[in-house]
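These notes concern the structure reproduced below.
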Amino acid sequence: MYINRIWWIHMYSVLFICAIISGTSNCIASDITGAEVFGSIKNREQFAKSDISKTAIFKILTNASTSDPNQGRVLKDCAVTWEKNNIWMKMVYNYLQDPVYVPPGSMSYGYRPISYDKDKRLLVWRSLEAYIVSTPEKTEILDRLQLLRVDPNGAIEKSADIHITKHVFPANDQYDGNYDFQQFLLAAGLCFSDYIDANNIELVKTSDGNRIEINSRGTFGKNSKGTWKSTVDPDSDFFVREASFTGEGFNKPSIKMSTSDIVKKDGLAYAREGHIVLGGDSNPIIRDYVDIDISVINNQELRQEVNQHMEAPLPIGSDIIDFKGGKPTVTPIK
């Protein structure tokens, strides 16, 4: 009953700014202001941020390395359950290609500096699983990694040991600690209003198919300010179908995104697929979110699994990287 009430309040707000023409409910884009477009986007996204428990399963196809496109792609099987300011998330990594040798002199490999062993083999760290918890009390990521050694001829030796790294962030960190979750919400069309300034929206023109194009000041990430150019679809609950973000001082977009295949169920509307491209034209990070399925359920088993990994004693050799003080500090477990 509560869910249905939220849904009808949302639908009323959408219909309020629409004209009924010839028995259809298509919105007349020329009659809509930028403020009304923002209001419709924000109203639809409120359910995703409510205190009602929700669970999503989805896949992410993305770069295996954030800096070296030669390292292939990885498919992440993801599950997350959340409500308002509480998030529990799990990711399992399935690499589609083996790592390849990178000669000395390369700048970096993923998030770690490139390093080699005494036999001049490239040392490659790959995540196998990651667990994320974010609450008003803490935000932490636990990463289970495997070390691979690649020689110049391409031969690979996989370590039998698993290395655990726990990343500790300020409570309810919405950027670094919740990066994967926030990217999921954006790809599913559930948080775009967080990134645009409601007081700086310009309605540019009407696109083909009754869609609306808008320019708006906004942000992306913790410190990046700039301009969003977006295409909004009034006929599909004001979903942002395409958008790009250009940071201040730059003349090309650093982020591009799109959504497709809109689903409505349990009082929630979301995109079944979303695509995000980070970086410029040279070696971009491409993140394809597919098979998104969201239900209004409280997944206690997922919560318990994530909490068990987070609360278990770390084995000797693990690392804790603490970001709460700004500059990260590393504490090895001995």
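What follows draws every value from the coordinates through simple rules; no lab data is involved. Please read all numbers here as calculations on a predicted model, not as lab measurements. Cβ placement follows ideal geometry from the backbone for every residue including glycine, while neighbour counts extend to all protein chains displayed.
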Fewest-first sequence of M91, M310, M257 by Cβ atoms within 10 Å of each Cβ: M310, M91, M257
Net +/- balance of residues flanking P284 in space, Cβ distance below 14 Å, scoring K and R +1, D and E -1: +1
Order of K256, K158 under a 10 Å beta carbon neighbour criterion, fewest first: K158, K256
Kirkwood Rh and Cα Rg combined as Rg over Rh, evaluated for the chain: 1.01
Relative contact order (percent, whole number), the range 37-158, Cα cutoff 8 Å, 6+ residue spacing: 19 percent
Unit charges on C-beta of K, R, D, E only; dipole of the chain, Debye: 440 debye
Violating pairs (Cα-Cα greater than 24 angstrom) within the set K59/K327; K42/K229; K166/K252: K59/K327; K166/K252
Inter-site label distance for K225 and Q46 at 7 Å from Cα along Cβ, in nm: 2.9 nm
Nearby aspartates and glutamates by direct alpha-carbon distance to K256 (threshold 13 angstrom, same-chain neighbours under 8 apart not counted): E242, D281, D288
Potential extension, D119-N172 segment - 0.36 nm per residue separation minus Cα distance: 14.7 nm
Percent RCO, i.e. relative contact order, over the chain, from Cα pairs under 8 Å lying at least 6 residues apart: 18 percent
Net charge contributed by nearby residues that have their C-beta within less than 11 Å of K42 (K/R +1, D/E -1): -1
Vicinal HN-Hα couplings computed from phi for the range 120-135 (Karplus, 6.51 cos²θ - 1.76 cosθ + 1.60; Hz; Gly/Pro x): 6, 8, 5, 9, 10, 9, 10, 5, 9, 8, 9, 10, 10, 9, 9, 9
Charge sum, other residues only, whose C-beta stays under 9 Å from Q146's C-beta, Lys/Arg counted +1 and Asp/Glu -1: +2
16 Å reach of a label modelled at E248, 7 Å along Cα-to-Cβ, counting backbone N of the range 211-229: 216-228
Lysines with Cα under 27 Å of K120, excluding same-chain neighbours fewer than 8 positions away: K158
Inter-probe distance in nm under a simple model that places probes 7 Å from Cα toward Cβ, at E301 and L96: 2.8 nm
Theoretical ellipticity at 222 nm over the chain - DSSP helices of four or more residues, -39500 (n - 2.57) apiece, nearest 500: -4500 deg cm²/dmol
Contour excess over end-to-end distance, with Cα ends at I162 and K59 and 0.36 nm allotted per residue: 34.7 nm
Net lengthening on full extension, D151/D31 (0.36 nm per residue, minus Cα-Cα): 36.8 nm
